[in-house]
Amino acid sequence: MEAKTPAESRTTLTDLVLPSETNPLNNLFGGELLARMDRAASIAARRHSRRIVVTASVNHVAFNKAIPLGSVVTVEAAVSRAFKSSMEIFIDVWVEDRESGKRSKANEAIYTFVAVDETGTPVQIPPLKPETDLEKQRFEAALRRKQLSLVLAGKMKPNEATELKALFEE
Ligand SMILES: CC(C)(COP(=O)(O)OP(=O)(O)OC[C@H]1O[C@@H](n2cnc3c(N)ncnc32)[C@H](O)[C@@H]1OP(=O)(O)O)[C@@H](O)C(=O)NCCC(=O)NCCS
């Protein structure tokens, strides 16, 4: 299978924060942001694999900045590494300043999707070829994040998580 670049899966969703999507402080409700990120990540995973994709795990979410009612929010997702059937998707969330139009980073998240056939069985996907420095950094770190996710899910023994162990031995 021919390798694809992160640019080929990059997916950008831009939308407003409406009153029905806020918490009592009039900021974007966390679950609404999770859903927007899941949607963008799912499209990115589909663009990379051209298969049916399912969310396998949400590995990391940081709600660093509250996003006020009325904000214009952009969710940008791209595959950061492809394994056999699973893909790590990195998601950056940006908020646009109303007056200057300048974007600032509000949040980020990392999801894992798995490509499956019509029966839900995992299938092989193309490898990923990172291009920029940031894409290369995210690619490098993705294996230890996969191992951590599998250990936490009880699907890998901690002593088999070689990449993860190396992090603590440095
Ligand atoms: C995701 C799913 C297909 C994985 O099935 P499985 O029986 O664990 O399959 P496998 O063990 O062959 O794993 C498939 C791949 O997923 C990866 N994986 C499974 N669980 C994972 C986890 N918690 N974190 C990271 N990767 C995971 C495996 O490492 C493997 O990756 P690889 O093929 O790239 O090496 C299955 O659990 C599923 O269908 N879950 C429901 C998905 C869903 O409905 N999501 C929406 C939530 S409502």
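Helical content alone sets the calculated 222 nm signal of the chain at -9500 deg cm²/dmol, taking -39,500 (n - 2.57) per DSSP H segment of four or more residues and averaging over every residue. Note on region 129-170: Kirkwood radius taken over Cα pairs, Stokes-Einstein applied at 37 °C and 0.692 mPa s, translational D equal to 299 µm² s⁻¹. Taking region 6-129, how much of its Cα-Cα pair set, in percent, is spaced more than 25 angstrom apart? Value for region 6-129: 27 percent of Cα pairs lie more than 25 Å apart. Under the membrane-span-like helix rule (DSSP H runs whose alpha carbons stretch at least 27 Å along the helix axis, mean Kyte-Doolittle hydropathy -1.0 or higher), the chain yields 30-49, 133-152. Overall, the chain carries a charge dipole of about 300 debye about its Cα centre when +1 sits on the Cβ of Lys and Arg and -1 on the Cβ of Asp and Glu, all other atoms neutral. Under a 10 Å cutoff between Cα atoms, tell me which one of SER100, SER80, SER20 has the largest fluctuation in the Gaussian network model of the chain. Highest fluctuation among the options: SER100. Each residue in MET37, MET1, MET156 was given a count of other beta-carbon atoms within 10 angstrom of its own, and listing them fewest first yields MET1, MET156, MET37. Pairs of Lys residues in the chain are counted when their Cα atoms are under 15 angstrom apart and they lie 8 or more places apart or on different chains; the count is 10. Any chance you could check the Cα centroid distance between region 92-170 and region 19-42 for me, in angstrom? Going from one Cα centre to the other spans 21 Å.
Kindly provide the GluC sites (Glu not before Pro) of region 1-86 that DSSP labels as loop, not H, G, I, E or B, and whose Cβ sees at most 11 other Cβ atoms within 10 Å.
Hits after loop and neighbour filter: GLU2.
Sparsely packed loop sites in region 107-145 (the GluC sites (Glu not before Pro) outside DSSP H, G, I, E and B with at most 12 other Cβ atoms within 10 Å) comprise GLU118, GLU131.
Computed over neighbours whose Cβ is under 15 Å from that of ALA35, the net charge equals -2, Lys and Arg +1, Asp and Glu -1.
Within the set of other residues whose C-beta is less than 11 Å from the C-beta of ALA7, count the net charge using Lys and Arg as +1 and Asp and Glu as -1. Around ALA7, the charge tally is +1. Given a 10 angstrom Cα cut-off, can you work out which residue in ALA142, ALA45, ALA35 is the most mobile in a GNM of the chain? Fluctuation is largest for ALA35.
The numbers here are math on the coordinates, done by the rules we state, and not lab data. This structure is a prediction, so every number in the text was calculated from the model and none was measured. All Cβ positions, even for glycine, are placed from backbone atoms using ideal geometry, and neighbour counts span all protein chains on display.
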